[in-house]
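Student: Next up is a structure, given as structure tokens.
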There are 2 protein chains.
Amino acid sequence: MNPTNDPKKRSFIEVPADHDFPIQNLPYGIFRTNDNAPHAGVAIGDFVLDLVVIEEAGLFEGVGKGFLFRNKETLNHFLAQGKAVWTAVRSRVSELLDAENPTLRDNEELRQLALVPRAGVEMLLPVHIGDYTDFYSSREHATNVGTMFRGADNALMPNWTWLPVGYHGRSSSIVPSGTPVRRPKGQTKADDADSPTFGPCRLLDFELEMGFFVGTGNKLGTPIDMEDAADHIFGMVLVNDWSARDIQKWEYVPLGPFLAKNFATSISPWIVTMEALEPFRQAGPKQDPPPLDYLAGGGDRSFDINLEVAIQPDTSETPYVVCRSNFKYMYWSITQQLAHHTVSGCNTRPGDMLASGTISGPTPDSYGSMLELSWRGTKPLQLGNGEERKFIKDGDTVIMTGHAQGDGFRVGFGEVSGKILPAD
Amino acid sequence: MNPTNDPKKRSFIEVPADHDFPIQNLPYGIFRTNDNAPHAGVAIGDFVLDLVVIEEAGLFEGVGKGFLFRNKETLNHFLAQGKAVWTAVRSRVSELLDAENPTLRDNEELRQLALVPRAGVEMLLPVHIGDYTDFYSSREHATNVGTMFRGADNALMPNWTWLPVGYHGRSSSIVPSGTPVRRPKGQTKADDADSPTFGPCRLLDFELEMGFFVGTGNKLGTPIDMEDAADHIFGMVLVNDWSARDIQKWEYVPLGPFLAKNFATSISPWIVTMEALEPFRQAGPKQDPPPLDYLAGGGDRSFDINLEVAIQPDTSETPYVVCRSNFKYMYWSITQQLAHHTVSGCNTRPGDMLASGTISGPTPDSYGSMLELSWRGTKPLQLGNGEERKFIKDGDTVIMTGHAQGDGFRVGFGEVSGKILPAD
């Protein structure tokens, strides 16, 4: 086992067993304090380790070429360095935070500079996302939505079991957790109407997804093979792919969703590395038909990551859980998604984000969108405070959380949340 | 009339009447000479005016804040300055190149530095393109393709006449004219086959398009109205939206084209400004049904721009023209596209590219793709050298050109060309 993943390892910073950010996790983000420029940091318990301070103290000496974090407003430069550098930095950070290691623990001055309380920082987007791609890789979700949009007979299109269906998304409107989201406007058409009307979306939805970031990219014309795909992937975040179902229904044939998706996509700000997730790798669903050669191989493809969605109405202090799902339900894996994406010759760049598509499980309470949970509004959800929901109302905050459960610790993602503001 | 558009104006640099880059045009690009860093430039006849040299000579003094071009590898910073600055720079450049103005004309030393022969420069992408959106705004093209993919009865979807259908494209694989394009691989399925196969695309196609660049963007949640849309648009280029028809057919339902488009999109390197195109504005096709309010207004919506596509086989010294079309055939205008794109609240950023979709005219020789020109391969085109084409072959170079015809001059786009390399 990689020593950074050792369940017995402890930090001199106290981290409870049910905390998302123990020393086994060490996710990366970009944070800002009141007066400072954006800095790269690693979350540890209720603190951020400021990587610029650590770098300037010479504690990354010999790792990578030049400065990895200094004067960088995003993690893109670090991601571009490749797996050997990611591993070296993770090892160094893990050592520095180790309860047994005096370097940082006993250097009061450096600790004061390098460890910033998380409560006081603003989290920004961790990377500049050049391109964002959204897949559609949960069989349960594709079947549910297909049934509702096209009927049970045409639910799963013939191509679905052969390739990870995906489409290009909008990168400009990806926002970090906590950013309010304005209800979009657009055209919708009632089934019995002759013409569409313009106005605020009435069927606003979330989609529970996870996204991964390309670390090292590939050149135009040079695909990434399945055997190499894992080495190109840096880490993962939670994604809320906000969706305007009524706008989507009217616009999406034949070229796919457009305004229904491009008004906002929210992500959790801490990138959990693939190295931290390695102990939670598992086989993934059996694929039948067997994938074509270019999508085959690469070993265990999936990860056991518990996911939860809650809605907190404006009137309530409490979030109500409406969905419990798991990343392991994904039919197509992240390595298959990357291999497929690039097999045409399409290039990827450090920081590109590829999202899973809605992660629905087999049971109705594991469906990853209101569209499915309320079955197109026919089965309203009870929130527990007397309110019910078919879709998302103005003032609702949607909160997604996720974690992989280790033996005595968890590798968590924090949260992605967003509050819906009324249309202008 | 804006004096920069005066047909009588002449430069001290000689420019023949059928040349793309007279003083009435003044398109912007990013060029590189052998040893130098990328510089912004303006094309004038067979020269590039180096804007960094002009700026460092103090000749843009009082225009904009700080340096517009120095130490910038793209035009994004300039685009972000907004229309008043674009107009001021254009006026200044027009004055400096005017045959009547001695400032540059009679300064031999400055001329040597500032005027670089175009033959010796490499053209790069003019801007960093954050997001690329592709529309589908030619009624003739949508009807032709719809007829082939879905039959005559379902050719034009019900939403098509109500909104500019579009989808998000891939920005990483946008390349400047001259970049070779490798034939993509992917899954295809024959109509009578049980399962798909993997291999090189067999139905490789071009799409004749034009793209426009967002100059000043808009904030998330704040749409751009029709009345303001024109002021946000900086200029236009020619676009070849390479397409793999057999891959597209198998993958595109229900989320739209993905690998069929993301292997490469080629653009011409000179951005022709909206100001240079202003004299060629015209009404555009009548829209029936009348557009909803948020897509209405804004005056004359279209531009009279002649477009041509030629194929030059590897074995030939001559390009053979296969299509003559015109931008004026577009049903949905660029201002309608931008207003629609942002009406959801979607933000745009300086340098975002929005492309028209294939520009097909009413006659068979004006169709903007091989799919339509050869009617799905049923009517092969004669190239004139004894060869025929249904789709694009390895070694073919596809060359697109375009210009607006003025009185005694033309405002041209140069060309976008790309040669197809065999699949690996």
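Every number in this text was worked out from the coordinates using simple rules, so none of it is lab data. In this text the structure is predicted, and so the values were computed from the model without any measurement. When we count neighbours, we look across all protein chains shown, and the Cβ atoms used for this are built from the backbone with ideal geometry, even at glycine.
Student: Could you run the Karplus curve 6.51 cos²θ - 1.76 cosθ + 1.60 with θ = phi - 60° over the range A:151-166 and give me ³J(HN,Hα) per residue in whole Hz, x for Gly and Pro?
Tutor: My calculation for the range A:151-166 gives x, 4, 5, 10, 4, 9, 5, x, 6, 4, 7, 9, 8, x, 4, x Hz in order.
Student: Dipole of chain A, Cα-centred, from +1 at each Lys and Arg C-beta and -1 at each Asp and Glu C-beta, to the nearest 20 debye?
Tutor: Around 700 debye, computed over chain A.
Student: For A:219-225, what's the mean count of beta carbons from other chains sitting within 10 Å of each residue's beta carbon?
Tutor: On the way: counts 0, 10, 11, 2, 4, 0, 0.
Mean shielding by partner chains, rounded to a whole number: 4.
Student: Once the label point is set 7 Å along the Cα-to-beta-carbon vector, what list of distances in nm do you get between B:Asp288 and its counterparts in the other copies?
Tutor: Copy-to-copy label distances for B:Asp288: 5.6 nm.
Student: Could you tell me which of A:Thr265, A:Tyr252, A:Thr342 has its Cα farthest along the dipole of the range A:213-349 towards the positive end, charges placed at Cβ (Lys, Arg +1; Asp, Glu -1), taken about the Cα centre?
Tutor: Farthest towards the positive pole: A:Tyr252.
Student: While we're on this one: Just counting partner chain Cβ atoms within 10 Å, what average do the residues of peptide B:244-254 show around their Cβ?
Tutor: Working: counts 1, 0, 0, 3, 0, 1, 5, 8, 7, 10, 17.
Taking all residues of B:244-254 together, the mean is 5.
Student: Long-range amide H contacts for B:Thr265: which residues qualify at under 5 Å (H placed 1.01 Å from N, peptide plane, sequence gap of 5 or more or a different chain)?
Tutor: For B:Thr265, the qualifying residues are B:Ile174, B:Val175.
Student: A further question on this structure: Let me know the charge dipole size of the protein assembly as shown about its Cα centre in debye, to the nearest 20, where only the beta-carbon of Lys, Arg (+1) and Asp, Glu (-1) is charged.
Tutor: Computed about the Cα centre, the dipole is about 820 debye.
Student: Taking a ≥ b ≥ c as the square roots of the eigenvalues of the Cα gyration tensor of the range A:3-124, is the shape rounded (a/c under 1.5), prolate (a/b larger than b/c) or oblate?
Tutor: Note, shape of the range A:3-124 comes out rounded.
Student: Between A:Leu421 and A:Asp153, what is the spin-label point distance in nm, taking each point 7 Å from the Cα along the Cα→C-beta axis?
Tutor: 4.7 nm
Student: Provide an ascending nm list, one decimal, of label-point separations from B:Asn101 to the equivalent residue in each further copy; define each label point as 7 Å from Cα along Cα→Cβ.
Tutor: 6.2
Student: Cross-link partners among aspartates and glutamates for B:Lys65, C-alpha distance below 13 Å, same-chain residues fewer than 8 apart left out?
Tutor: The qualifying aspartates and glutamates are B:Glu55.
Student: Can you name the residue in chain A whose Cβ lies closest to the A-to-B rotation axis, and give that gap in whole Å?
Tutor: A:Gly256, 1
Student: Please compute the average number of Cβ atoms from other chains found within 10 Å of each residue's Cβ in peptide B:284-292. List each step's numbers first, then the result.
Tutor: Details: counts 0, 0, 0, 0, 0, 3, 0, 0, 5.
Averaged over the peptide's residues, the number is 1.
Student: About its Cα centre, what dipole magnitude does the range B:10-163 give when the only charges are +1 on Lys and Arg Cβ and -1 on Asp and Glu Cβ, stated in debye to the nearest 20?
Tutor: 520 debye
Student: Now for a different question. Could you tell me the largest-minus-smallest coordinate of the C-alpha atoms of the protein assembly as shown on each of the three principal axes, in descending order and whole angstroms?
Tutor: 80, 64, 53
Student: Percent antiparallel among DSSP beta bridges with both residues in chain B, to the nearest 5?
Tutor: Approximately 90 percent, going by the DSSP bridge assignments.
Student: Could you calculate the contour length gain from B:Lys219 to B:Glu388, that is, 0.36 nm times the residue separation minus the distance between their Cα atoms, to one decimal place in nm?
Tutor: 55.9 nm
Student: What pairs in A:Lys328/B:Lys219; B:Lys189/B:Lys390; B:Lys8/B:Lys328; A:Lys189/A:Lys393; A:Lys286/B:Lys189 have C-alpha atoms more than 31 Å from each other? Numbers along the way, then the final one.
Tutor: Values: A:Lys328/B:Lys219 37 Å; B:Lys189/B:Lys390 19 Å; B:Lys8/B:Lys328 25 Å; A:Lys189/A:Lys393 20 Å; A:Lys286/B:Lys189 23 Å.
Going by Cα-Cα distance, A:Lys328/B:Lys219 fall outside the 31 Å limit.
Student: So what is log10(I(q)/I(0)) for the range A:294-356 at q = 0.17, 0.27 1/Å, when the Debye sum runs over its Cα atoms only?
Tutor: -0.75, -1.16
Student: How much length is gained on full extension from B:Trp375 to B:Ala84, taking 0.36 nm per residue of separation minus their Cα-Cα distance?
Tutor: Details: separation 291, 0.36 × 291 = 104.76 nm, distance 4.64 nm.
In short, 100.1 nm is gained.
Student: Report the one residue of A:Asn2, A:Thr315, A:Leu203 whose Cα lies farthest in the direction of the positive end of the charge dipole of chain A (charges on C-beta: Lys and Arg +1, Asp and Glu -1; origin at the Cα centre).
Tutor: Result: A:Leu203.
Student: A:Asn34 versus A:Asp194, label points 7 Å from Cα toward the beta carbon: distance in nm?
Tutor: Rounded to a tenth, the inter-label distance reads 6.3 nm.
Student: Moving on. Per-residue HN-Hα couplings for the range A:273-289, Karplus 6.51 cos²θ - 1.76 cosθ + 1.60 at θ = phi - 60°, whole Hz, x for Gly and Pro?
Tutor: 6, 4, 5, 5, 8, 3, x, 9, 5, 8, 4, x, x, 4, 9, 9, x
Student: Loop only per DSSP, at most 13 neighbouring Cβ atoms within 10 Å: give me the trypsin sites (Lys or Arg not before Pro) in the range B:17-103, ordered by residue number.
Tutor: Here the trypsin sites (Lys or Arg not before Pro) that fit, given the DSSP loop and packing criteria, are B:Lys65.
Student: Largest first and in whole Å, give the semi-axes of the range A:132-421's equivalent ellipsoid, each being the square root of 5 times a Cα gyration tensor eigenvalue.
Tutor: 29, 22, 18
Student: So for the range B:132-421, taking the charge dipole from beta-carbon charges (+1 Lys/Arg, -1 Asp/Glu), which of B:Ser356, B:Phe303, B:Gly146 sits furthest toward the positive end?
Tutor: The residue sitting most towards the positive pole is B:Gly146.
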